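Undergrad: Right, I'll just put the structure down here and ask away after.
The values are calculated or read from the model by the stated rules, or taken from the named source; none is laboratory data. None of the values given here were measured: they were computed from a predicted structure. Quick reminder, even Gly has a Cβ in these numbers, built from the backbone with ideal geometry, and neighbours come from all protein chains shown. The area values use the complete protein model at the heavy-atom level, side chains included, leaving out ligands, DNA and RNA. Shrake-Rupley method; radii C 1.70, N 1.55, O 1.52, S 1.80 Å.
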Amino acid sequence: METVLAYPPDVERVVALKTVGDAHSRAEFLAAIREYGKDGVEFTNERLQYLMAIEEHFQSLLLYDQIEFLRSPPPITEPEREFALSVQRICLEAANGFQRFLRNRNAWATTPESLDDMYRVTGLALHSIHSFVKWGYFLNESARAAPWKQVHALYLLADSDGYAQIPFVLHPTRPSFKPSVQSLYLRTLILDLLNTGSLSKIQVEIADGWFSSWCNDYTLETEYSSRRHLFYVDVASDSGMHIVRRDSLGESMRYLRADGLKAQIEEVQAGLRHGRLFAGYGAGAVFPVEQHVALLATIEKLYQSILAGSENRIEERTHFEDREVDVVVGVDRVMGKIRAGHVKLGQTAAAAQPASVAETFEITPSGLSMVAAEPAAPQAADAQAADPEIERWRVQDLSSNGYGLLVDRAASDSVMLNGVIALLNHESGGWILGSVVRKQANRMRGEMLVGVEVLSYQPIAVELTSAKGAAPIEAIYMPGIDTNGKHDAILVRSGEFTSDSGYAVRAGGATYQVRMNRIIKKGADWIKARFEIEAKKA
């Protein structure tokens with residue numbers, strides 16, 4: 001049974017406060033955070049728990065008490081300015097306190113349970129600095145720059161210790177918000193990149209909620225690609241994110257990859273068309289729709305700059321003449337074809353290999369791996385003629401990342417941007433799983449160029465059985481390119497993803513308990529997620 005921590009009287013008094021709207025309450029919070037985050041005393045796990053409880057209660061009250069401040073029109077009054085400055089002081093004091101605990105972690109992180117707190121303490125330090133910076137944006141004070149060296153140091157600590165990308169609950173009162181240290185780091189970098197002084201207070205707050213949700217889908221990479229990267233951060237510098245230049249190379253450089261931004265923008269657009277305001281992990285839903293629309297336009301400009309940069313430096317592609325490929329479009333059809341297995345070229349779809357695909361692979365401690373299975377022998381055939389769901393498109397070109405395909409414009413109406421697509425491998429009879437990342441019309445020729453990014457060359461259909469007794473979920477397992485399973489992933493329909501439920505997967509004569517723990521890519525109606533294996537039963 002979990003032990004409930006008893007608070008000393010001074011902590012009990014602070015966590016019982018009902019508002020941060022008055023100066024007296026804010027002074028109480030500031031004094032308590034200073035007391036439990038100060039240097040010169042023993043750094044115990046008990047003191048840390050008090051500090052985290054105080055900071056969490058402050059943030060939960062601030063989420064609501066800030067709304068009146070954000071709604072007030074410019075210019076900022078003196079009482080509003082004092083409110084914002086006192087919030088900044090509390091956030092900065094909290095950040096300093098958490099960083100002191102990290103510097104003295106050998107004194108308190110002595111058990112497996114306390115080691116788990118390392119993730120949260122690092123995240124809370126970043127979150128507190130981020131809050132300090134954000135409230136500077138509210139005051140429109142560009143002179144109060146972010147303490148970038150501290151921000152970079154916190155990310156590097158997590159990165160070097162191997163927990164930068166592990167999700168965790170930042171505040172127990174908001175269990176659905178499970179960022180990683182990397183996503184919190186990126187949130188601060190991207191909000192700084194986005195805020196050029198043109199955003200209103202409300203737009204800054206809405207953006208903060210959006211990117212709190214979105215940044216889990218982004219990554220920082222150490223190897224530069226002219227096609228994937230437009231922005232970088234130098235973790236050894238005292239500055240934030242910049243556009244890549246010729247001299248932007250080196251061991252301390254990290255390059256932003258934000259492939260999911262387009263799908264995220266389209267999700268917000270779709271919500272606005274139906275009168276739904278996307279809040280992410282913020283208070284944005286209480287603000288007028290016109291503020292959401294104005295912010296979305298700013299983010300679309302950011303995306304267009306990324307897109308233009310990648311197009312100007314696109315990688316070399318191999319062009320083809322008179323080459324065709326059979327494709328299946330749409331998540332339902334794609335899952336059905338992959339579930340059916342290899343297409344024996346020369347047979348009808350009904351005669352395609354019907355064996356249970358889940359029995360042709362096994363799960364290892366590091367992930368899932370293929371076991372020996374003979375692919376169907378290639379034969380002369382026409383899979384399209386045998387199956388009306390299969391369409392035949394022309395191949396224009398290919399690169400290391402995917403394909404450029406040509407289809408009649410009329411037929412392209414059913415092709416969803418960021419939807420899934422499967423391409424028939426005419427050598428093995430298997431399917432290649434991809435995502436539609438671009439649709440470009442050629443009006444002169446009446447064609448549509450469809451850009452396809454490969455998600456997996458060996459997709460495998462699986463069923464996820466919930467422990468809660470719900471109907472099994474169709475999914476696609478995608479082996480990573482490495483052999484240790486670290487980049488393995490599962491694709492499910494968007495509405496069926498959940499990170500708080502475990503699933504059973506039957507494979508290779510055993511049942512594995514797995515949990516999808518991090519979204520790494522979002523499509524129009526699908527999600528690609530990392531997973532962890534919790535148990536195995538024979």
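Undergrad: Ranked highest first by average number of other Cβ atoms within 10 Å, how do 426-433, 39-46, 170-177 line up?
TA: Descending mean neighbour count gives 426-433, 170-177, 39-46.
Undergrad: A further question follows. Check cross-link reach from Lys178 to the lysines: straight Cα distance under 23 Å, and skip same-chain residues fewer than eight apart.
TA: Lys134, Lys262, Lys468, Lys486, Lys521, Lys522, Lys528
Undergrad: So, in nm, how far is label Arg273 from label Ser60 when the simple model puts each one 7 Å beyond its Cα toward the Cβ?
TA: Taking the simple label geometry, Arg273 and Ser60 are separated by 3.9 nm.
Undergrad: Mind running the shape call on the stretch 468-538? Use the C-alpha gyration tensor, a ≥ b ≥ c as the square roots of the eigenvalues: rounded below 1.5 for a/c, prolate if a/b tops b/c, oblate otherwise. Write out the running numbers ahead of the final one.
TA: Details: a/c = 1.82, a/b = 1.12, b/c = 1.62.
Oblate, since a/c reaches 1.5 and b/c is not below a/b.
Undergrad: Further question on the same structure: May I ask you to derive the FRET efficiency for Thr110 and Glu266 from their Cβ-Cβ distance with R0 = 35 Å, giving the value to the nearest 0.05?
TA: Numbers: r = 48 Å, r/R0 = 1.36.
Efficiency, rounded to the nearest 0.05: 0.15.
Undergrad: May I ask you to give the percent of accessible area on the chain that is carbon plus sulfur, with a probe radius of 1.4 Å? Walk me through the numbers before you get to the answer.
TA: Values: 12820 of 25140 Å².
For the chain, the apolar C and S fraction of the accessible surface comes to 51 percent.
Undergrad: Work from the charge dipole of the chain (Cβ charges, +1 for Lys and Arg, -1 for Asp and Glu, about the Cα centre) and give the residue of Pro79, Cys91, Gly502 farthest towards its positive end.
TA: Comparing the listed Cα positions along the dipole, Pro79 ranks first.
Undergrad: Measure nothing but the geometry: give the 0 to 90° angle between the long axis through the Cα atoms of 261-273 and the longest principal axis through the Cα atoms of the chain, rounded to 10°.
TA: Compared with the principal axis, the helix lies near 80 degrees.
Undergrad: Relative contact order for the stretch 395-538: what percent, with Cα pairs under 8 Å and sequence separation of 6 or more?
TA: Normalised by residue count, the contact order of the stretch 395-538 is 17 percent.
Undergrad: Enter the angle in degrees (range 0 to 90, nearest 10) between the Cα long axis of helix 201-214 and the first principal axis of the Cα atoms of the chain, meaning the one along which they spread out most.
TA: The two axes meet at around 50 degrees.
Undergrad: With a ≥ b ≥ c taken as the square roots of the eigenvalues of the C-alpha gyration tensor of the stretch 175-332, please select rounded if a/c is under 1.5 and otherwise prolate if a/b is larger than b/c or oblate if it is not?
TA: Numbers: a/c = 1.90, a/b = 1.18, b/c = 1.61.
Oblate, because a/c is 1.5 or more while a/b does not exceed b/c.
Undergrad: I've got another one for you. Sorted from largest down, give the three principal axis spans of the alpha carbons of the chain, whole angstrom values.
TA: On the principal axes, the chain reaches 81, 59, 46 Å in Cα extent.
Undergrad: Sketch the reach of a paramagnetic label on Lys536 as a point 7 Å from Cα along Cα-to-Cβ, and name the residues of the stretch 492-508 whose backbone nitrogen lies under 18 Å away.
TA: 503-508
Undergrad: Can I ask one more? Can you tell me how much longer the chain between Tyr7 and Glu251 gets when fully stretched, taken as 0.36 nm per residue apart minus their C-alpha distance, in nm with one decimal?
TA: Details: separation 244, 0.36 × 244 = 87.84 nm, distance 4.58 nm.
Full extension from Tyr7 to Glu251 adds 83.3 nm.
Undergrad: Based only on Cα atoms, what Rg/Rh ratio does the stretch 405-445 have, Rh being taken as Kirkwood's radius? Before the final figure, lay out each step's value.
TA: Numbers: Rg = 12.1 Å, Rh = 11.7 Å.
Value, to two decimals: 1.03.
Undergrad: Explain nothing, just the number: relative contact order of the chain, from Cα pairs under 8 Å at least 6 residues apart, as a whole percent. Could you put the intermediate results ahead of the total?
TA: Details: 952 pairs, mean separation 48.6, N = 538.
That works out to 9 percent.
Undergrad: Sequence neighbours fewer than 8 away in the same chain don't count; with that in mind, list the aspartates and glutamates whose C-alpha is under 14 Å from Lys149.
TA: Candidates past the 8-residue exclusion: Asp234, Asp238.
Undergrad: Can I ask one more? Along the charge dipole of the chain, pointing to its positive end and built from +1/-1 on Cβ of Lys, Arg, Asp and Glu, which listed residue (Cys215, Val289, Ser176) has its Cα farthest out?
TA: Final value for the positive-end residue is Val289.
Undergrad: Please compute the per residue accessible area over the stretch 170-262 with all protein chains in place, 1.4 Å probe, rounded to a whole number of Å².
TA: Working: 3400 Å² over 93 residues.
So the stretch 170-262 comes to 37 Å² accessible per residue, rounded to a whole number.
Undergrad: Given charges of +1 on the Cβ of Lys and Arg and -1 on the Cβ of Asp and Glu, with all other atoms neutral, how large is the dipole of the chain about its Cα centre, in debye to the nearest 20? Mind dumping the intermediate values first?
TA: Values: 56 positive and 68 negative charges, 86 e Å.
Value, rounded to 20: 420 debye.
Undergrad: Name the aspartates and glutamates eligible as straight-distance cross-link partners of Lys536: C-alpha to C-alpha under 17 Å, and not fewer than 8 places from it in the same chain.
TA: In chain and number order, the partners are Glu359, Glu362, Glu463.
Undergrad: Related question: If you add up the charges near Val293, with Lys and Arg at +1 and Asp and Glu at -1, over every other residue whose beta carbon is less than 12 angstrom from its beta carbon, what do you get?
TA: Values: positive: Arg273; negative: Glu290, Glu300.
My count for the surroundings of Val293 gives -1.
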